[in-house]
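The values are calculated or read from the model by the stated rules, or taken from the named source; none is laboratory data. Quick caveat: nothing in here was measured; it's all calculated off a predicted structure. Cβ placement follows ideal geometry from the backbone for every residue including glycine, while neighbour counts extend to all protein chains displayed.
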Amino acid sequence: MNLPTEKKTTPWLEEIHTLSAKYHEDWIALRRYLHQHPELSGEETLTTNELKSRLCALQLPVRLAGDSRGLTADLVTDSSLADEPRLAIRGDIDGLPIQDEKMVPYRSCKAGVMHACGHDVHATVVVAAMQILKEMDKSGTLPWPIAVRAVLQPAEEISEGALHMIHHKALSDVDAIIALHVDPTRQVGCIGIREGALTAACDQFEIQIQGQGGHGARPHLAKDPIEACVSLIEALYRRINRAIDPHHTVVISIGTVQAGHSANVIPDTATASGTLRTLHPSARRKALETIDVICESVKQEFGVDVRLKWGTTAPAVINDKKLVGLIHDAIVDTLNPGAVEWIDVPSMGSEDFSFYLEHVPGAMFRLGVSGSQVGAAPLHTGTFDIDEQAIAHAAKLFASTAIRYFDPARR
């Protein structure tokens, strides 16, 4: 893909920059309010209400999702588009069970809960982009009619929020969807984009081994579930990668092992849980089959009962090539050509944004948030923060991409 040597200047792009400068401080204030008042997955009613009030203040029709967690808001600027499909822009709103360790005025007010993954930023950017587009509609500076839907979803961290929103009709009349994720490994002003696979599919699992307990001095009279569990974990780590085409990346990790209560007692049960992450459907199928085979072989070898239970699952995020091209052009013209950073390899992390992509094409980009003083702390840590200049960059990029999406020459 050829990069333009210079960005274009049009009246509507100039208006995006003007509105961004006008409202940027308000957006920072919203982000800080959300950062101070995080809510865990499944509890996001107050956050939803706050975002509802912000969007209602823009005179946008808001529809709450079930349990008043999550919402949608539409901006349709011309009656000719009333029955036409929308472009959705998605943000997530839940926090994490992590203690905020930052000594800043906007530090989380809730002990043990914070926005350590940037969802306060994501939600703010969606509101900010809708504000830009609404103001442009009011002033008559939009170059053509648009139909955009804000989707603010709960429970991304437990991979349930997207399905919750889909169930409550968030994708009704939606033709495509775009999203972002903050990236502390990129400098503020830089945007990471990639066609095709962006994140991995993730399958959580739990394996419970039921043996027969006994005295630690007489293991021959017991069926030791810990011995079986250790053998099973070793087999998972060894055999999964040997069973998969080496060109197909697979990552399996055990995160918890629980067994026993006393040093001299062989327990009845042992439990291990972990995640399987894959990029290719064929590799995922083969890995799932191999895990079943390993569980059965451990059952036969040690004479124990092995119960495999699959938990939360999220597919891979597969970015649509045309939408990535649209975002690329928006970056070049709205920010600058040097802001584009092509992502060489996909992340083995997961994102429930992928569930939307089972219904409509979509694309997610990475927003650089690392500045000279703040923003380099990793995601999911108690010191995570951002350079707040990134909020304006993302809001302008969302607004510009939405306008380009409805360009009559493109459609």
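Numbers below:
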| item | result |
| --- | --- |
| Selection within region 1-35 - of a type in the set (Asp, Glu) and modelled with pLDDT of 95 or more | Glu14, Glu15, Glu25, Asp26 |
| Qualifying residues in region 351-373 (those that are under 30 Å from Thr18 (Cα atoms) and of a type in the set (Ser, Thr, Tyr)) - the one surrounded by the most Cβ atoms within 10 Å (Cβ to Cβ) | Ser370 |
| Qualifying residue in region 73-86 (condition: among the hydroxyl-bearing types (Ser, Thr, Tyr), touching a strand residue (DSSP E or B) at 6+ places or on another chain (Cβ under 9 Å), crowded, with 17+ Cβ neighbours inside 10 Å and more than 18 Å from Ile132 (Cβ to Cβ)) | no |
| Cross-chain or 6+ apart pairs with Cβ under 6 Å, region 14-39 first and outside any helix (DSSP H, G or I), then at pLDDT 95 or above and β-branched (Val, Ile, Thr) | Pro38/Val113; Glu39/Thr47 |
| Scope region 73-87; condition under 21 Å from Thr401 (Cβ atoms) and in a loop (DSSP other than H, G, I, E, B); matching residues | Thr77, Asp78, Glu84, Pro85 |
| Single residue of Ala394, Ala377 found to be in contact with an Asp or Glu (Cβ under 7 Å, 6 or more places away or on another chain), among the aliphatic types (A, V, I, L, M), modelled with pLDDT of 95 or more and not in a strand (DSSP E or B) | Ala377 |
| Any hit, region 61-72, residues being at positive phi, in a helix (DSSP H, G or I), within 24 Å of the chain's Cα centre (by Cα) and modelled with pLDDT of 95 or more | yes |
| Some residue of region 95-118 being without any contact (Cβ under 8 Å) to a residue 40 or more places away in the chain and buried (at least 16 other Cβ atoms within 10 Å of the Cβ) | no |
| Number of the exception - Thr313 against (1) out of contact with any His (no Cβ under 9 Å at 6 or more places or on another chain); (2) hydroxyl-bearing (Ser, Thr, Tyr); (3) modelled with pLDDT of 95 or more; (4) over 30 Å from Glu101 (Cβ atoms) | (3) |
| Test: residue in region 119-136 that is assigned to a loop (DSSP other than H, G, I, E, B), assigned by TED's automatic domain parsing to the domain that holds Ala150 and at pLDDT 95 or above | no |
| Among the candidates Ile191, Ile132, Ile146, Ile166, residue that is touching a Gly at 6+ places or on another chain (Cβ under 9 Å), among the β-branched types (Val, Ile, Thr) and in contact (Cβ under 8 Å) with a residue 40 or more places away in the chain | Ile191 |
| Spans of strands (runs of 3 or more DSSP E) in region 242-350 with at least 1 residues within 26 Å of the chain's Cα centre (by Cα) and surrounded by 21 or more Cβ atoms within 10 Å (Cβ to Cβ) | 250-259, 269-278, 305-314, 317-319 |
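Conditions (1) over 21 Å from Gly375 (Cβ atoms); (2) of a type outside the set (D, E, K, R); (3) not assigned by TED's automatic domain parsing to the domain that holds Thr45, marked per residue:
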| position | (1), (2), (3) |
| --- | --- |
| Ala155 | yes, yes, no |
| Lys169 | yes, no, no |
| Leu180 | no, yes, no |
| Arg186 | no, no, no |
| Gly189 | no, yes, no |
| Gln208 | yes, yes, yes |
| Gln212 | yes, yes, yes |
